[in-house]
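What follows is a single structure, written as structure tokens, with notes after it.
The values are calculated or read from the model by the stated rules, or taken from the named source; none is laboratory data. None of these values were measured; they are calculated from a predicted model. Quick reminder, even Gly has a Cβ in these numbers, built from the backbone with ideal geometry, and neighbours come from all protein chains shown. Note: accessible area is taken over every heavy atom of the protein model, side chains too, but ligands, DNA and RNA are not part of it. Shrake-Rupley method; radii C 1.70, N 1.55, O 1.52, S 1.80 Å.
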Amino acid sequence: MDRTRFNQLTDRWRERHDARRPSEDARPLADPEREALARRAFPFRTVAPVDYVAKYGPDMTAFTYDDARYADADLDAWLLDVGRRLRAER
């Protein structure tokens, strides 16, 4: 598949995904496994969302971690901010 077609499919997926995203208040609670994975995968305690998005955002095809809410308020806020920034940069 050529890069143009990949980009078209990615854009279409993003539009559909964004249209189905629940409001921030209506996000379902992440299951314990997803929360544990998010804690391990994201440097939410040491890297500001703006810095994370600046470094990794251009290479991220999709971001779905902000579709759920997390028991850890700091992790939840960080993931929401990253998601907002990624969508704003598209």
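The residue list Arg87, Arg27, Arg14 contains one member that is open to solvent by less than 70 Å² (accessible area, probe 1.4 Å) and in contact with a strand residue (DSSP E or B) (Cβ under 6 Å, 6 or more places away or on another chain), which is Arg27.
The sole residue among Asp67, Asp51, Asp74 that is open to solvent by 60 Å² or more (accessible area, probe 1.4 Å), touching a residue at least 24 places away in the same chain (Cβ under 8 Å) and of a type outside the set (Lys, Arg) is Asp74. Identify all residues within segment 48-90 that are in contact with a helix residue (DSSP H, G or I) (Cβ under 6 Å, 6 or more places away or on another chain) and not in a helix (DSSP H, G or I); write none if there are none. Thr61, Phe63, Arg69, Tyr70, listed by residue number.
Within segment 21-41, identify whether any single residue is without any contact (Cβ under 8 Å) to a residue 60 or more places away in the chain, within 15 Å of Tyr70 (Cα to Cα), hydroxyl-bearing (Ser, Thr, Tyr) and not in a helix (DSSP H, G or I), and answer yes or no. The answer is yes, given that some residue of segment 21-41 is without any contact (Cβ under 8 Å) to a residue 60 or more places away in the chain, within 15 Å of Tyr70 (Cα to Cα), hydroxyl-bearing (Ser, Thr, Tyr) and not in a helix (DSSP H, G or I). Would you mind stating whether Arg45 is part of a helix (DSSP H, G or I), basic (Lys, Arg) and modelled with pLDDT of 95 or more? Considered against the rule, which asks whether it is part of a helix (DSSP H, G or I), basic (Lys, Arg) and modelled with pLDDT of 95 or more, Arg45 comes out as no.
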